[in-house]
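A short worksheet on the structure shown next.
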Amino acid sequence: MTRIDKNPGSGASAVTVRGLVKHYGETKALDGVDLDVREGTVLGVLGPNGAGKTTLVRVLSTLIRPDAGSAFVAGYDVLKQPRQLRRVIGLTGQYASVDEKLPGWENLYMIGRLLDLSRKEARRRADELLERFSLSEAAKRPASTYSGGMRRRLDLAASMIGSPAVLYLDEPTTGLDPRTRNEVWREVKRMVGDGVTVLLTTQYMEEAEQLASELTVIDRGKVIAGGRIDELKARVGGRTLRVRPLDPLELRPLAAMLDELGLTGLATSTVDVETGTVLVPVLSDEQLTAVVGAVVARGITIGSITTELPSLDEVFLSLTGHKASTPQETPDRAHEEVSV
C-alpha cells in the first residue's frame, strides 16, 4: 500500500482527524473528534482527566483502533497503513519509557536498530542526539542513575531517533520541577524549529501558552472549542482595562472615581500598586469608551491604557467547568488509561 501525497481535504495539515469514536463499554472516550494539525506547528490538546486526550494519542500512534472515524498522519492512513506510519512518528508519554538498566547510548542505539537503521546510522544518530540533548557525558551511565530531567531528555531523544515528521507529546512534563520543565520546553521548540509537527496534550496552561500555536479543548470525548489562544480568550468574553495615571498620587482617586460612577454595572476596580495601574473589568466596547471618556472628563492625565484578555486558566474553566491541574496536582494516570 502506497503513501498518499496529501491527506484528503487537509491542505497543509500533517494530522487530519474526522469523526473519531472510541468506546470502552458504556464510556465514550472519543465521541466524534475532529481536528487538524498544521505542518511544522504545535497543536495543544487541553482537557481535564478522563477527557480522552490519551485515547486520542493512542489511536493516532496506532496503539489502539478506533470504533469509527478516520485519521491521516503525515500522509498515511492510521487504520490502513499502520506499519508505514510508525516509521514517521515519535511518541513521548508522561513517564520515561527507556530501559533504565541500559546506558543512555545503548538505549538510543537499540531503538535505532529496531527502527531498521543500519548499525552505522544508529550509532551516528545516538551520538548526535546525546550531544543535542546535553547527555554525552552520561552516555555510558545506566539510565537509572539519571535525574528526572535527564531521563525526560533521553526519552525525547529516543522519540527522535527515527527523525519523525510528527511527534506526540502526551503530558510530557507531568511531575517535573520548573527547571526541568523549561529544559523540555526548550527542546520541543528546537524540534519544531527543525520542521517537526507536534501534537501536545497537557493540563498546564503555561505549557500550552509556551508551546502551542493553536489549541483544541476536549471534554468527555468531544471537542468543545478550538483555535488560536487569543481567539479562545476572546470567545470567553470580558477584558480588563489597565489604566496608568501619569501622576502616581492619582492612582487611588482614579479607582474611587470609577467605582463611584458605576458605569453600566462595572465590577469594582482593583488597584495594582506595584505597576501603578487601576484594573477595570469591561464587558463591551461601549463600557471601555465610557471609562476612557470619564477619565478624560475628570482631567486626569493618563500615562497609558491597555486591555488584557482573560487568562488561559479562565478560558479553560469557562469552557469545561473544571479547573486545570497545577504542576503539583499529578493526574491519576492509571485511572485515565481505564476511563478514557
| To the nearest 10 degrees, how steep is helix 148-160 against the longest Cα principal axis of the chain, on a 0 to 90 scale? | 60
| For the range 159-283, convex hull volume per residue from C-alpha positions, Å³ | 172
| request: Evaluate the relative contact order of the chain (contact order divided by residue number), counting alpha-carbon pairs under 8 angstrom at least 6 apart; express in whole percent. | output: 21
| How much solvent-accessible surface does LYS80 expose, in Å² to the nearest 10, with a 1.4 Å probe and all protein chains in place? | 140
| task | Sort all Cα-Cα distances of the range 24-73 into consecutive 10 angstrom bins from zero, then give the percent of pairs in each bin up to the one containing the longest distance. | result | 21, 58, 20, 1
| remark: Regression test value, accessible area per residue of the chain, probe 1.4 Å, units Å², expected 48
| query | For the chain, which whole percent of the accessible surface, found with a 1.4 angstrom probe, sits on carbon and sulfur atoms? | reply | 50
| task | In vacuum, with every alpha carbon of the chain counted as one equal point scatterer, what does the Debye formula give for log10 I(q)/I(0) at q = 0.11 Å⁻¹? Two decimals, please. | result | -0.79
| field | Gaussian network model of the chain, Cα within-10 Å springs - most flexible of GLY162, GLY276, GLY149 | value | GLY276
| task | Taking the chain as the reference, fit the longest principal axis to its C-alpha atoms, fit the long axis of helix 285-297 to the helix C-alpha atoms, and give the angle between the two in degrees, 0 to 90, nearest 10. | result | 40
| query | Using the Kirkwood radius built from alpha carbon pairs, what does the Stokes-Einstein equation give as D for the range 1-156 at 25 °C and 0.890 mPa s, in µm² per second? | reply | 141
| field | Electrostatic dipole magnitude of the range 175-319 [Cβ: Lys, Arg +1; Asp, Glu -1; Cα centre; debye, to 20] | value | 200
| note | Computed over the chain: longest principal axis from alpha-carbon atoms vs helix 251-261 long axis, angle to nearest 10 degrees, is 80
| field | Residue of ALA294, ALA138, ALA74 that the Gaussian network model of the chain assigns the largest fluctuation, springs spanning Cα pairs under 10 Å | value | ALA294
| So what's the Cα pair-distance distribution over the range 140-200, bin width 5 Å, in %? | 4, 17, 30, 25, 16, 8, 1
| field | Assigned charges on the beta-carbon of Lys, Arg, Asp, Glu; the range 125-190 dipole about Cα centre (debye) | value | 120
| remark: Connecting every pair of Cα atoms under 10 Å apart in the chain and solving the GNM, the largest mean-square fluctuation among PRO253, PRO178, PRO103 falls on PRO253
| Considering the Cα trace of the range 107-179, what is its radius of gyration and what is Dmax, both in angstroms? | 12.5, 38
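The values are calculated or read from the model by the stated rules, or taken from the named source; none is laboratory data. Remember, predicted model here, so these are calculated numbers, not experimental data. For neighbour counting, all protein chains shown are included, and Cβ atoms are generated from backbone atoms with ideal geometry for every residue, glycine included. Just so you know, the surface numbers come from the protein's heavy atoms only, side chains and all, with ligands and any DNA or RNA stripped out. Shrake-Rupley method; radii C 1.70, N 1.55, O 1.52, S 1.80 Å.
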